[in-house]
Amino acid sequence: MIMKSILRSIALCLPLLAATSAHAGVIINNTRIVFPGNSNEVTVKLTNTGKKPALVKMWLDTGDANANPDEIKVPFIITPPIARIEGSHSQAVRVVYTGDPLPKDHESVFWFNMLDVPTKQSIQHTSLQLAFDTRIKLFFRPAGLPGSIDQAMKDLRWSVVPHGQGYALKVSNPSPYYVSLGHKAELVEGSTSYEAKNVDMVAPNGTETFDLPTLKASPVPGATVHYYAINDFGGAVKLQGTVTP
């Protein structure tokens with residue numbers, strides 16, 4: 001059994017760590033994976049940007065980043081699940097759908113994990129072993145869903161609701177697509193803006209609430225929400241919505 005906690009271990013004294021530069025050499029050439037429901041598999045490309053060989057392990061999970069990879073049940077197989085990638089080379093891995101039933105009326109989301117374990121280095125009598133974990137979303141998109149992800153990003157519904165001792169920004173997603181919000185969403189009243197905290201993904205036909213810690217009174221009619229949503233290519237699209245009662 002491969003234990004992530006062991007692979008992530010660091011055996012190095014702090015002064016030496018401060019003087020040592022280490023970074024993940026293998027990157028995923030996608031920021032997200034869209035799996036069409038009418039396909040049996042998709043290909044994910046990995047690239048080793050470093051000069052030395054790297055060993056990577058890959059698996060999918062259902063949302064729990066701390067789950068044991070050997071115990072997770074998902075309707076996909078990654079092949080190969082472990083790969084050695086030479087320096088300055090790429091490796092294509094296949095994500096194969098097993099056919100186990102998934103909802104047909106909305107998207108399902110999983111997370112593609114890649115654990116990059118660089119070559120062990122000896123520095124005098126002390127060794128450094130680091131593992132770098134990269135995690136991106138995989139959206140299983142059934143064939144024939146109405147609308148599009150681009151339209152779903154624009155059709156979010158926004159309102160301001162009481163939250164604790166203050167207010168929060170509530171967003172509803174009436175579409176069958178997951179909408180991933182970007183790094184920022186803010187309520188705008190005239191020349192004043194109030195930034196929402198912990199902005200996140202909104203599930204199909206779901207709602208999320210984001211705290212507005214600096215908003216002290218209910219917004220006036222005509223207030224807007226400026227936000228970013230992430231498209232299928234990983235681009236952040238700036239959008240604007242109107243606050244409704």
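The values are calculated or read from the model by the stated rules, or taken from the named source; none is laboratory data. What you see is a predicted model, and the numbers here were worked out from it, not measured in a lab. FYI the Cβ positions are ideal-geometry reconstructions off the backbone, even for glycines, and counts take in every protein chain you see.
Where residues in region 136-163 are surrounded by 17 or more Cβ atoms within 10 Å (Cβ to Cβ), aliphatic (A, V, I, L, M) and touching a strand residue (DSSP E or B) at 6+ places or on another chain (Cβ under 6 Å), which of them is nearest to Thr43 (Cα to Cα)?
Leu138
Can you tell me which residues in region 152-170 are in a strand (DSSP E or B) and more than 17 Å from Phe210 (Cα to Cα)? Explain how you work it out, then say what you get.
Applying the first criterion (in a strand (DSSP E or B)) to region 152-170 yields 157-163, 166-170.
None; the set is empty.
Do you know which residues across region 223-238 are under 12 Å from Glu186 (Cβ atoms) and part of a strand (DSSP E or B)? Steps first, answer last, please.
Restricting attention to region 223-238, the residues satisfying the condition of being under 12 Å from Glu186 (Cβ atoms) are 223-228, 238.
Within region 223-238, Thr224, Val225, His226, Tyr227, Tyr228, Lys238 qualify.
Among the residues of region 165-184, how many are within 17 Å of the chain's Cα centre (by Cα) and not aromatic (Phe, Trp, Tyr)?
Quick first cut of region 165-184, residues within 17 Å of the chain's Cα centre (by Cα) only: 177-184.
If we keep only those that are not aromatic (Phe, Trp, Tyr) too, we end up with 179-184.
So the count comes out to 6.
Across region 171-200, what is the number of residues that are assigned to a strand (DSSP E or B) and either among the aromatic types (Phe, Trp, Tyr) or closer than 13 Å to Glu107 by Cα (or both)? Steps first, please.
First, pick out the residues of region 171-200 that are assigned to a strand (DSSP E or B): 171-172, 179-189, 192-195.
Checking which are either among the aromatic types (Phe, Trp, Tyr) or closer than 13 Å to Glu107 by Cα (or both) leaves us with 179-180, 194.
Number of matching residues: 3.
Do we find a residue being without any contact (Cβ under 8 Å) to a residue 40 or more places away in the chain and closer than 17 Å to Leu46 by Cα anywhere in region 84-91? Working first, answer last.
Filtering region 84-91 down to residues without any contact (Cβ under 8 Å) to a residue 40 or more places away in the chain leaves 84, 86.
Among the residues that remain, those that are also closer than 17 Å to Leu46 by Cα are: 84, 86.
Within region 84-91 (the criterion being without any contact (Cβ under 8 Å) to a residue 40 or more places away in the chain and closer than 17 Å to Leu46 by Cα), the answer is yes, since at least one residue qualifies.
Among Gly182, Gly241, which is within 17 Å of Asp150 (Cα to Cα) and at pLDDT below 95? Write out each step before concluding.
Values: Gly241 fails: at pLDDT below 95.
Of Gly182, Gly241, the one residue that is within 17 Å of Asp150 (Cα to Cα) and at pLDDT below 95 is Gly182.
Quick check: is even one residue across region 203-222 in contact with a helix residue (DSSP H, G or I) (Cβ under 6 Å, 6 or more places away or on another chain), among the hydrophobic types (A, V, I, L, M, F, W, C) and in a strand (DSSP E or B)? Walk me through it before giving the result.
Keep residues of region 203-222 that are in contact with a helix residue (DSSP H, G or I) (Cβ under 6 Å, 6 or more places away or on another chain), which gives none.
No, because not a single residue in region 203-222 is in contact with a helix residue (DSSP H, G or I) (Cβ under 6 Å, 6 or more places away or on another chain), among the hydrophobic types (A, V, I, L, M, F, W, C) and in a strand (DSSP E or B).
Would you check which residues across region 29-86 are part of a strand (DSSP E or B) and among the β-branched types (Val, Ile, Thr) and list them?
Our first condition is that a residue be part of a strand (DSSP E or B); within region 29-86, this holds for 32-36, 41-48, 54-61, 76-79, 82-85.
Correct list: Ile33, Val34, Val42, Thr43, Val44, Thr47, Val56, Ile77, Ile78, Thr79, Ile82, Ile85.
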